[in-house]
Every structure is written in C-alpha cells, then in structure tokens.
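Okay, so here's the structure we're looking at.
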C-alpha cells in the first residue's frame with residue numbers, strides 16, 4: 001500500500017473528469033478528496049487542511065472564484081489552483097489578482113500539473129510547520145524559545161534555568177564566547193513568576209564609580225553583568241556593596257572561565273561565595289549538534305520576522321551544511337548565516353564548507369533520519385518502513401547519530 005503524505009482537495013462538477021484526475025494523482029501517491037461542488041466541500045475544508053485545493057472555474061451555481069473567495073476567508077495561506085477549459089487571459093489575471101496560487105488550462109500536461117501541485121504542497125507544509133513551531137514557541141516558556149533543540153546538554157540547560165528562576169539567588173553563567181550567556185541571563189529573568197526590572201551591563205564599559213552609583217530601581221531587580229573576568233578589585237568592591245545594600249537585587253554575572261578559575265585569578269572572596277550558589281554552564285554549538293536543525297530554523301524565522309518577510313523554505317542541502325559545520329564562533333556566526341539566508345544574500349562561501357565526503361554524507365543521513373522522524377511524529381516503526389530500512393539497521397543508525405524517536409513526538413506540523 002502506498003504511503004500518502006500529500007493531500008489535494010479536488011472540486012470538479014464533471015464526475016468523469018473528477019475520477020480521472022483523482023486516479024492520476026493517486027498514482028503519484030497524492031491523497032485526493034473529491035467534491036462536486038463548493039457546498040459539499042465546505043464542511044471538509046478547514047485552516048488545518050494539510051494540502052491544497054484544486055477547483056474547476058466553470059461550475060453551475062458557485063464557481064471557482066467563489067471557491068477561491070471562500071478558501072481565502074478560511075485561510076489566506078491555503079493554496080488554491082484554478083482549472084479552466086478556456087484560454088482566457090483576463091480570467092487568469094483575475095484569478096491571480098484574487099489570490100489563486102496558480103491558474104492552469106485544461107487539458108493540462110500531467111508533468112505541469114504535478115510540478116505546480118508539488119510546489120503548492122511544499123509551500124503549504126512549510127506554512128503549517130511554521131505555524132506549529134510558532135504555537136510551540138508561544139505556548140512554551142522562554143527557555144524553550146531561546147534555547148531550542150532536543151540535545152541532552154540543552155535539556156539540562158533549560159532545566160537549570162527553570163530551577164534557578166524559582167529561586168532568588170545570584171547566578172553565575174559561564175562558557176565560551178558567543179554561546180549565549182547574556183541570552184541565558186535574560187531567559188532566566190523572563191522565567192521569573194513575578195515581574196522584575198532588568199538591566200544589562202558590561203564590566204568593560206561600567207567603571208567602579210558608575211557601578212557604585214548605579215540607579216537601582218525600587219522593587220525586584222535583575223542586574224546582568226557581563227565580562228566579570230575583566231572586573232578590577234574596585235569593581236568587585238562596588239558590586240559587593242550594591243548587593244549588600246539592595247537586598248532585592250539579584251546579580252546575573254557571566255564570563256568565559258568557570259567560577260573557580262576566576263577565584264584563582266583574584267575574584268573577591270565575598271563575590272565568589274555570593275555567586276557560588278548557582279552556576280550554569282552554557283554549551284558550545286559543537287556540543288549542540290542535535291539542536292542545529294531547530295536552532296537554525298528558529299534563527300531564520302526570527303530574521304524573516306524582523307525583515308517583515310515570509311519564512312523562506314530551507315532546502316535539505318542548506319540544513320545538511322549547517323549540521324556538518326562546527327560553528328566555532330557559536331551563536332553570532334550561526335545567526336549571521338541565518339540572517340544572510342533569510343535576506344537571500346548567502347554566498348557560495350556561506351553555504352559551503354570544507355568537509356570530507358564522509359562527513360557530508362554523515363550529516364545528510366542524520367538530516368534525512370531526523371526529518372523522517374519529525375514527519376511521522378517520532379513513530380519509529382513507521383519511519384523505518386517509509387525509509388525502506390530493516391528495523392535493526394534503522395535503530396543502529398539512530399544510535400550512531402544519537403537520535404531518539406521520543407524527542408520527535410509532537411513535532412509533526
């Protein structure tokens with residue numbers, strides 16, 4: 001039995017043509033729902049429909065333009081392809097102006113129809129996937145929004161941030177440049193159950209005098225201090241004084257080295273013990289390989305939103321390249337790549353890297369496995385069958401790539 005994951009809703013009043021089109025599309029593993037009129041189709045089409053609508057224009061009663069108008073009311077991003085037996089240019093112009101995805105003349109060559117359908121279906125799947133992820137982000141907490149991905153190190157990071165948010169203790173974040181230490185500080189602040197003021201500063205820019213005379217607001221206050229490793233003894237004293245004076249103040253400090261190393265380098269003992277209550281390490285992207293797919297997609301989405309653009313489709317070869325890289329500069333480097341991609345200004349240098357053939361094939365295999373699991377909601381047996389792999393081979397590959405089916409449950413969009 002074929003596996004259908006492409007959907008078309010066909011509205012055609014000619015029963016013979018409707019059956020013929022249906023058979024042709026089902027031979028291409030496209031699941032077709034048929035209807036002879038808009039009235040019959042209405043109860044079956046919703047904004048969650050995973051495919052596209054194909055409708056004849058010339059029909060008694062409600063015609064194809066009525067179908068188009070009604071679908072656009074239900075979901076403006078649901079593609080509608082209109083068919084006509086007449087080469088009517090004004091009609092085609094009207095259809096496209098009113099929002100049709102495409103306009104085809106019958107009889108349409110099968111390869112042309114399939115090309116348009118596949119393009120429209122890919123667009124629809126991208127729209128639904130984007131909505132699914134947007135909903136997850138909206139319903140999720142700041143930890144899930146700012147540090148997405150299924151890797152064990154990221155799961156631990158999210159758990160650490162959520163636990164720290166339940167406490168009022170000072171916190172020390174550490175990790176390599178660009179891993180997101182200040183983002184982690186803001187994330188922790190956002191997770192707090194009660195509103196607090198938040199101000200970010202850097203020891204590079206804030207003198208001891210400025211720190212000592214910092215205007216601390218009334219009420220709970222989170223003070224994010226970056227580059228603690230560059231602080232002077234006078235800055236240590238000023239910060240300790242602030243912490244002693246303002247009991248509602250919480251310091252979220254960060255630097256690259258672990259706190260013990262800072263102590264050995266001269267960090268004031270009082271400051272060390274104040275920050276020693278909660279230490280949170282932020283992992284590098286090289287340790288977050290399993291997160292790169294979700295993280296890159298999230299960064300592209302943010303970039304597109306900031307540019308007021310539609311979320312672009314991300315080809316498999318781009319994902320494969322992202323997974324194969326080590327990203328030594330961490331989030332700034334990956335974010336810059338995502339911004340270039342969203343802008344459409346990525347150069348060949350941006351999307352290619354020096355990897356061996358084995359590394360590139362390994363990254364692509366992991367991408368195929370991940371996407372197959374994602375589409376099938378983490379159902380291992382169904383995914384193995386769809387990929388044509390014996391179960392043992394499938395599970396061996398999952399183990400080699402550190403993929404767990406349970407991490408993909410609830411991810412189908």
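The values are calculated or read from the model by the stated rules, or taken from the named source; none is laboratory data. Note that this is a predicted model, so its numbers are computed, not measured. When we count neighbours, we look across all protein chains shown, and the Cβ atoms used for this are built from the backbone with ideal geometry, even at glycine.
Hey, any hits in the range 107-121 for a residue that's in the same structural domain as residue 76 (by TED's automatic domain parsing), within 20 Å of the chain's Cα centre (by Cα) and crowded, with 19+ Cβ neighbours inside 10 Å? It would help to see each step written out before you state the result.
Step one: list which residues in the range 107-121 are in the same structural domain as residue 76 (by TED's automatic domain parsing), which gives 107-121.
Imposing the further condition that a residue be within 20 Å of the chain's Cα centre (by Cα) reduces the set to 121.
Those left that are additionally crowded, with 19+ Cβ neighbours inside 10 Å: 121.
Checked the range 107-121: at least one residue is in the same structural domain as residue 76 (by TED's automatic domain parsing), within 20 Å of the chain's Cα centre (by Cα) and crowded, with 19+ Cβ neighbours inside 10 Å.
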Any idea how many residues of the range 154-175 are outside any strand (DSSP E or B), touching a residue at least 24 places away in the same chain (Cβ under 8 Å) and surrounded by 18 or more Cβ atoms within 10 Å (Cβ to Cβ)? 8
In the range 161-186, what count of residues is obtained for those that are more than 17 Å from residue 220 (Cβ to Cβ) and touching a helix residue (DSSP H, G or I) at 6+ places or on another chain (Cβ under 9 Å)? 12
Return yes or no: is residue 358 modelled with pLDDT under 85 and either over 22 Å from residue 131 (Cβ atoms) or touching a helix residue (DSSP H, G or I) at 6+ places or on another chain (Cβ under 9 Å) (or both)? yes
Starting from residues that are touching a strand residue (DSSP E or B) at 6+ places or on another chain (Cβ under 9 Å) and not in a loop (DSSP other than H, G, I, E, B), keep the ones in the range 274-326 and report whichever is farthest from residue 142 (Cα to Cα). 274
Which listed residue is surrounded by 14 or more Cβ atoms within 10 Å (Cβ to Cβ), modelled with pLDDT under 85, within 28 Å of residue 303 (Cα to Cα) and in the same structural domain as residue 22 (by TED's automatic domain parsing), from 129, 124: 129
Taking interchain pairs and intrachain pairs at least six residues apart, which have beta carbon atoms under 7 angstrom, with the first residue in the range 313-328 and farther than 24 Å from residue 130 by Cα and the second in a helix (DSSP H, G or I)? 326/286; 327/285; 327/286; 327/333; 327/334
May I ask you to verify whether residue 53 is touching a helix residue (DSSP H, G or I) at 6+ places or on another chain (Cβ under 6 Å) and either without any contact (Cβ under 8 Å) to a residue 60 or more places away in the chain or more than 30 Å from residue 383 (Cβ to Cβ) (or both)? yes
Residues of the range 80-133 being in contact with a strand residue (DSSP E or B) (Cβ under 8 Å, 6 or more places away or on another chain) and assigned to a loop (DSSP other than H, G, I, E, B), which ones? 85, 86, 87, 99, 100, 101, 106, 108
Across the range 277-304, what is the total count of residues that are under 22 Å from residue 184 (Cβ atoms) and without any contact (Cβ under 8 Å) to a residue 60 or more places away in the chain? 6
Residue 242 vs (1) in contact (Cβ under 8 Å) with a residue 24 or more places away in the chain; (2) touching a strand residue (DSSP E or B) at 6+ places or on another chain (Cβ under 7 Å); (3) surrounded by fewer than 20 Cβ atoms within 10 Å (Cβ to Cβ); (4) not in a helix (DSSP H, G or I): all pass except (4)
Residue 402 - would you say it is closer than 25 Å to residue 335 by Cβ, modelled with pLDDT of 75 or more and exposed (fewer than 15 other Cβ atoms within 10 Å of the Cβ)? yes
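Anything in the range 310-326 that is more than 19 Å from residue 343 (Cβ to Cβ) and surrounded by 18 or more Cβ atoms within 10 Å (Cβ to Cβ)? List them, or say none.
Pass one, the range 310-326, residues more than 19 Å from residue 343 (Cβ to Cβ): 316, 320, 323-326.
Within the range 310-326, 320, 323, 324, 325 qualify.
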If residue 391 meets every condition in (1) touching a residue at least 24 places away in the same chain (Cβ under 8 Å); (2) in contact with a helix residue (DSSP H, G or I) (Cβ under 6 Å, 6 or more places away or on another chain); (3) over 25 Å from residue 122 (Cα atoms) apart from one, which number is that one? (1)
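Somewhere in the range 35-50, is a residue within 14 Å of residue 101 (Cβ to Cβ) and touching a residue at least 24 places away in the same chain (Cβ under 8 Å)?
Of all residues in the range 35-50, those within 14 Å of residue 101 (Cβ to Cβ) come to 49.
If we keep only those that are touching a residue at least 24 places away in the same chain (Cβ under 8 Å) as well, we get 49.
Yes, the conditions are met somewhere in the range 35-50.
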